[in-house]
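**Q** Dropping the structure in here first, questions after.
The values are calculated or read from the model by the stated rules, or taken from the named source; none is laboratory data. From a predicted model like this one, the values you see are computed outputs, not experimental measurements. Every residue, glycine as well, gets a Cβ built from its backbone with ideal geometry; the counts of neighbours run over all protein chains shown.
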Amino acid sequence: DAKTTQPPSMDCAEGRAANLPCNHSTISGNEYVYWYRQIHSQGPQYIIHGLKNNETNEMASLIITEDRKSSTLILPHATLRDTAVYYCIVSIIQGAQKLVFGQGTRLTINP
Amino acid sequence: DGGITQSPKYLFRKEGQNVTLSCEQNLNHDAMYWYRQDPGQGLRLIYYSQIVNDFQKGDIAEGYSVSREKKESFPLTVTSAQKNPTAFYLCASSAWDSRYTQYFGPGTRLTVL
């Protein structure tokens with residue numbers, strides 16, 4: 001079973017920031033928070049990951065609460081191409097990761 | 001271009017036939033994975049391999065088999081023992097680096113008639 005809880009769907013207006021929440025209340029100290037997204041009928045794409053500090057890259061920002069029980073993925077200026085299913089996954093760092101995908105959040109960007 | 005290729009994109013087979021899905025990567029990654037995705041669901045891990053000539057079962061290995069004779073190749077055979085083989089199959093690979101992020105191929109949609 002997935003160790004994360006996400007809302008099944010969200011909407012966001014184009015050009016606005018999209019904030020996707022994730023609860024992972026049973027996360028262990030050595031587990032990282034990963035975000036992937038899957039555009040319809042394609043393979044998932046890595047977005048970002050973090051342990052306890054906030055992280056930012058060219059695609060998104062990841063905000064992890066101090067107790068690490070929840071996090072938020074932020075797409076700062078959403079475009080129509082950001083419409084996808086977003087998966088929040090917790091996993092330890094190891095040679096071969098067994099990622100457990102839940103059902104994710106279906107994010108729809110509206111023009 | 002560097003990446004992961006899966007072929008074909010669509011595959012049709014008759015019930016009772018074994019079918020092999022190909023997965024090739026030129027990223028020089030050590031680890032490779034096979035996932036299955038059913039409509040409206042997340043991905044489920046079938047098999048994974050950390051190095052050549054070694055592989056482990058994932059969460060739903062029954063009815064599937066794999067081989068890892070070369071670093072760049074990780075074919076998946078869907079056998080007749082798999083009760084519901086119609087699904088979207090995704091292959092991924094990852095490097096043993098600081099991120100361990102997985103890179104996914106475009107997937108093969110298998111339909112068993």
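**Q** Considering only the stretch B:51-80, how many residues are assigned to a loop (DSSP other than H, G, I, E, B) and of a type outside the set (K, R)?
**A** 18
**Q** Consider the stretch B:24-38. How many of its residues are buried (at least 18 other Cβ atoms within 10 Å of the Cβ), of a type outside the set (F, W, Y) and either over 20 Å from B:N53 (Cβ atoms) or within 11 Å of chain A (Cβ to nearest Cβ) (or both)?
**A** 5
**Q** Here is a follow-up. Quick one: in the stretch B:76-92, which of the residues that are more than 10 Å from every other protein chain (Cβ to nearest Cβ) and among the aliphatic types (A, V, I, L, M) is surrounded by the most Cβ atoms within 10 Å (Cβ to Cβ)?
**A** Restricting to residues being more than 10 Å from every other protein chain (Cβ to nearest Cβ) and among the aliphatic types (A, V, I, L, M), the top hit is B:V78.
**Q** I've got another one for you. Considering only the stretch B:55-70, I want to know if a residue exists there that is in contact with a strand residue (DSSP E or B) (Cβ under 9 Å, 6 or more places away or on another chain) and farther than 29 Å from A:I92 by Cβ.
**A** no
**Q** What number of residues within the stretch B:39-50 satisfy the criterion of being in a strand (DSSP E or B) and either more than 19 Å from A:Q42 (Cβ to Cβ) or more than 8 Å from chain A (Cβ to nearest Cβ) (or both)?
**A** Summing the residues that are in a strand (DSSP E or B) and either more than 19 Å from A:Q42 (Cβ to Cβ) or more than 8 Å from chain A (Cβ to nearest Cβ) (or both) in the stretch B:39-50 gives 4.
**Q** Taking into account only those residues within the stretch A:41-50 that are touching a Leu at 6+ places or on another chain (Cβ under 6 Å) and in a strand (DSSP E or B), which is farthest from B:R36 (Cα to Cα)?
**A** A:G50
**Q** Now for a different question. Looking at the stretch A:77-107 only, could you name the residues that are within 12 Å of A:L20 (Cβ to Cβ) and out of contact with any helix residue (DSSP H, G or I) (no Cβ under 8 Å at 6 or more places or on another chain)?
**A** Of everything in the stretch A:77-107, those that are within 12 Å of A:L20 (Cβ to Cβ) and out of contact with any helix residue (DSSP H, G or I) (no Cβ under 8 Å at 6 or more places or on another chain) turn out to be A:A78, A:D82, A:A84, A:V85, A:Y86, A:Y87, A:C88, A:G104, A:T105, A:R106.
**Q** Then there's this: Name the pairs whose Cβ atoms lie under 6 Å apart, with the first residue in the stretch B:93-113 and more than 7 Å from chain A (Cβ to nearest Cβ), the second charged (D, E, K, R), and 6 or more positions between them or separate chains?
**A** As it stands, the answer is B:V112/B:R13; B:V112/B:E15; B:L113/B:K14, since those pairs meet every condition given.
**Q** A further question on this structure: Would you mind listing the strands (runs of 3 or more DSSP E) fully within the stretch A:1-40 where at least 2 residues are aromatic (F, W, Y) and under 17 Å from A:S70 (Cα atoms)?
**A** Here the list reads A:31-38.
**Q** How many residues, within the stretch A:1-38, are more than 17 Å from A:I74 (Cα to Cα), in contact (Cβ under 8 Å) with a residue 60 or more places away in the chain and among the small types (G, A, S)?
**A** Of the residues in that region, 2 qualify.
**Q** Among A:T26, A:T65, which is the only one that is more than 14 Å from chain B (Cβ to nearest Cβ) and either closer than 27 Å to B:C23 by Cα or modelled with pLDDT under 95 (or both)?
**A** Result of the check over A:T26, A:T65: A:T26.
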